[in-house]
Amino acid sequence: MIVVSFAIIAIFLSQAKRQVDPLLTKHFWNTAAASLLLMGAALAGPAQAQGPAQTDPHMQWWRDARFGMFIHWGPISVMGQEISWSRSPGPGGANPGGIPAATYDNLYKQFNPTKFDAKAIVAMAKAAGMKYIVFTCKHHDGFCEFDSKLTDYKITNPESPYDKDIVKQLADATHAAGLHWCVYYSQPDYHNPDFHVNQAAYDQYFHRQVHELLTDYGKVDLIWFDGLGGTAQDWDAENLFREMRADNPNLIINNRCGLPGDYYTPEQTIGSYDDQKPWETCMTIGDQWAYKPGDNYKSAKQCIQTLARCVGGDGNLLLNIGPQSDGAVDPTQANRLQAIAGWMKTHSDAVAGTRGGPYKPTGDYVSTRKGDMVYIHVLNWNGEDIQLPPLSRKIVKSALLGGGRIAVHQSADGVTVHIPASAHDAADTVVALKLGGSAMDLAPIAPMPKTPLATLSASDVFRNDPTYAAGMAFDADEETRWATDDGTKQATLTATFEKPTTVQGIAIKEAIEERVQKFEIQYQQPGGSDWITVASGAKIGNTYQASFAPVTARAFRLNILDATDGPTISEITFVTAK
């Protein structure tokens with residue numbers, strides 16, 4: 001099989017695409033890389049070379065870590081619903097149909113996680129290659145999983161059947177395992193009567209709680225705020241930051257307290273390639289942050305590829321688990337972590353301590369680098385060869401992590417890597433390329449342009465802006481995308497081949513995940529007018545792949561039947577028969 005991608009738009013990005021994207025309305029900001037993209041390594045010489053930005057010394061451990069565990073957990077696990085957001089009222093307002101506050105706020109009296117084993121959870125994280133743990137010490141519901149001296153709404157309340165400090169157990173286990181202990185703290189607190197009423201009094205309260213977390217539980221390396229868009233004035237953030245730095249000058253702080261912080265935080269989506277500003281994707285294994293019985297869990301392959309795509313984009317991945325109400329880790333979540341651990345046993349060199357690039361991510365591969373090494377992560381095989389753009393430094397040695405035969409051919413036209421299908425990893429095949437010089441000063445290398453083989457069209461383009469045209473979903477560049485106008489609920493994206501072509505599969509990546517709620521993959525028979533559906537689904541998300549019985553046609557389309565807002569697709573790849 002071969003994969004056909006279509007490039008109608010030139011690879012060089014216009015200055016307009018460097019501006020802030022007006023479509024991004026979530027809590028995170030994806031910052032564009034400041035360096036210019038080079039069309040190929042033939043243009044990449046010492047004068048143009050610009051590798052990843054240097055890391056601030058206090059951020060070095062975090063940058064090297066690349067992978068951490070997020071834990072959302074609390075009394076709501078008794079109900080199996082979402083933490084805080086299921087409360088009525090709560091962060092989403094009145095929340096009709098939610099759990100009444102009087103019920104929600106008393107769930108801690110039923111919460112008795114006797115099977116909770118902090119050491120076992122930390123060991124699970126360490127085996128999976130995670131280097132730091134972020135725990136929800138207090139979420140938006142205001143419940144404290146630690147023995148705060150400032151409230152009775154906590155796990156050590158005498159009315160709690162468990163009555164043990166969960167934060168202390170996890171902090172001690174994390175420190176003992178040699179991992180980095182980090183705390184999540186929500187400034188919003190829908191249980192505290194002063195919140196949004198007497199904000200000055202509330203700010204003093206939560207500042208003191210932050211001080212408790214930073215001083216009572218051993219060394220804290222990072223604090224993960226979640227201010228739900230609140231401003232620095234809302235949280236008296238400048239004073240708070242001074243207080244925290246006084247407790248720990250090397251504390252790492254994220255960007256959710258109204259100030260920029262040390263790094264930015266895409267949520268439930270993989271950040272775009274950015275090797276100039278630190279970023280971290282936080283993402284669930286299932287659909288829900290807190291434990292949900294029968295949740296729709298990502299496959300092991302999706303988890304591993306999500307890690308690879310984050311690291312290949314020069315970001316970190318904070319992968320979330322939600323323990324059950326008895327404290328045990330859900331068997332499916334544990335299985336996913338074990339699968340990641342198995343993959344990391346032979347591939348951790350391509351993750352820990354690396355930076356993204358020099359090859360920019362595509363639908364088929366991403367790359368990481370360290371010293372004079374470049375690691376190619378092949379995520380989508382179509383045949384036994386992968387074609388890469390030219391590389392300005394000579395490849396002096398190549399190997400397949402995990403072992404196996406490999407052949408690498410380098411020329412002025414590009415790099416071809418050949419690996420027999422029998423040696424392909426089910427999730428991420430990693431090729432190690434040793435260069436005759438440093439890989440760290442190479443500028444990002446854009447994907448190779450493809451020969452246009454089809455006419456591309458869309459029912460809607462955002463503001464008729466050509467930088468969001470149909471071709472942007474077929475150009476092998478995940479940083480470009482097709483986008484539709486705000487409020488669009490239905491749309492079509494069509495590729496018409498020059499001649500009948502046999503297609504037997506498709507891969508789609510949604511630029512802003514989970515907007516699409518229902519869709520079909522369709523084709524039109526030669527000479528016909530009806531569209532025939534070969535695959536359908538609800539959510540596309542970060543990675544949607546489908547195989548189907550081969551069909552021969554000229555026209556194929558993505559037919560979006562329902563969306564929460566204007567759909568936007570970063571990449572579509574058709575799998576065609578040889």
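The values are calculated or read from the model by the stated rules, or taken from the named source; none is laboratory data. Everything quoted here is computed from the prediction, not taken from an experiment. Heads up, the Cβs are rebuilt from the backbone with ideal geometry, glycines too, and the neighbour counts pull from every protein chain shown. When the accessible area is computed, the model is the full protein with side chains, heavy atoms only, and any ligands, DNA or RNA have been set aside. Shrake-Rupley method; radii C 1.70, N 1.55, O 1.52, S 1.80 Å.
If you line up the Cα atoms of the chain on their principal axes, what length do they span on each, largest first, in Å?
73, 55, 43
Pairs of Cα atoms under 8 Å, at least six residues apart: use those to get the relative contact order of segment 325-397, whole percent.
Worked out over segment 325-397, it gives 17 percent.
Can you give me the angle between helix 199-215 and the longest principal axis of the chain, using Cα atoms only, in degrees from 0 to 90, rounded to the nearest 10?
Compared with the principal axis, the helix lies near 80 degrees.
Using all C-alpha to C-alpha distances in segment 286-376, build P(r) with 10 Å bins and read off the rounded percent in each one.
Whole-percent P(r) values from 0 Å outward: 17, 42, 27, 12, 2.
For segment 112-165, what is Rg from Cα atoms divided by 2.2 N^0.38 Å, rounded to two decimals?
Dividing the Cα Rg of segment 112-165 by 2.2 N^0.38 Å gives 1.32.
Once Rh for segment 153-271 is found with the Kirkwood sum over Cα pairs, what is the Stokes-Einstein diffusion coefficient at 20 °C and 1.002 mPa s, in µm²/s?
Answer from the Stokes-Einstein relation: 138 µm²/s.
Per residue, what accessible area does the chain have, given a 1.4 Å probe and all protein chains present, in Å²?
38
Between 92, 304, 175, whose Cα lies farthest towards the positive end of the dipole of the chain when Lys and Arg beta carbons carry +1 and Asp and Glu beta carbons carry -1, centred on the Cα centre?
304
Specify the angular offset, from 0 to 90 degrees and rounded to the nearest 10, of the alpha carbon long axis of helix 331-347 from the longest principal axis of the alpha carbons in the chain.
With rounding to tens, the tilt is 60 degrees.
Work out Dmax and Rg for segment 357-435 from the C-alpha atoms and quote the Rg first, both in angstrom.
Every Cα atom of segment 357-435 included, Rg and Dmax give 11.4, 31 Å.
Longest span of the chain, sites excluded, free of GluC sites (Glu not before Pro) in DSSP loop with at most 14 other C-beta atoms within 10 Å?
Answer - 160-383.
Check residue 379: other-chain or 5+ apart residues with amide H under 5 Å from its amide H, H built from backbone geometry?
Those lying under 5 Å, H to H, from residue 379 are 365, 366.
In Å³ and rounded to a whole number, note down the convex hull volume per residue for the Cα atoms of segment 453-576.
Dividing the Cα hull volume of segment 453-576 by its residue count gives 91 Å³.
Compute the semi-axes of the equivalent ellipsoid of segment 57-350, taking the square root of 5 times each eigenvalue of the Cα gyration tensor, and list them largest first in whole Å.
27, 23, 18
Through the Karplus equation 6.51 cos²θ - 1.76 cosθ + 1.60, θ set to phi - 60°, convert the phi angles of segment 349-360 into ³J(HN,Hα) values in whole Hz; use x for Gly and Pro.
Ordered by residue, 3J(HN,Hα) equals 4, 8, 10, 5, x, 9, 10, x, x, x, 6, 6 Hz.
Viscosity 1.567 mPa s, temperature 4 °C: Stokes-Einstein D of segment 226-296 from its Kirkwood Cα radius, in µm² per second?
91
For segment 357-435, what is the relative contact order in percent, using Cα pairs closer than 8 Å and at least 6 residues apart in sequence?
RCO, segment 357-435: 35 percent.
Counting each DSSP H run of 4 or more residues in the chain as -39500 (n - 2.57), what helix-only mean residue ellipticity at 222 nm follows after dividing by all residues, to the nearest 500 deg cm²/dmol?
That comes out to -4500 deg cm²/dmol.
Please report, in Å, the Rg and the Dmax of segment 496-542, where both are computed over Cα atoms only.
12.8, 35
Take the solvent-accessible surface of the protein heavy atoms, probe 1.4 Å, and return the percent of it on the chain that carbon and sulfur atoms account for.
Carbon and sulfur together cover 51 percent of it.
Note the angle between two axes, namely the Cα long axis of helix 166-176 and the longest principal axis of the Cα atoms of the chain, as a number of degrees from 0 to 90, rounded to the nearest 10.
Result, in degrees: 60.
If every alpha-carbon in segment 169-212 counts as one equal scatterer, what log10 I(q)/I(0) does Debye give at q = 0.14, 0.21 1/Å?
At q = 0.14, 0.21 Å⁻¹ the computed log10 ratios are -0.46, -0.71.
Please state the relative contact order of the chain as a whole percent: Cα pairs under 8 Å, 6+ residues apart?
Once normalised by length, the contact order is 17 percent.
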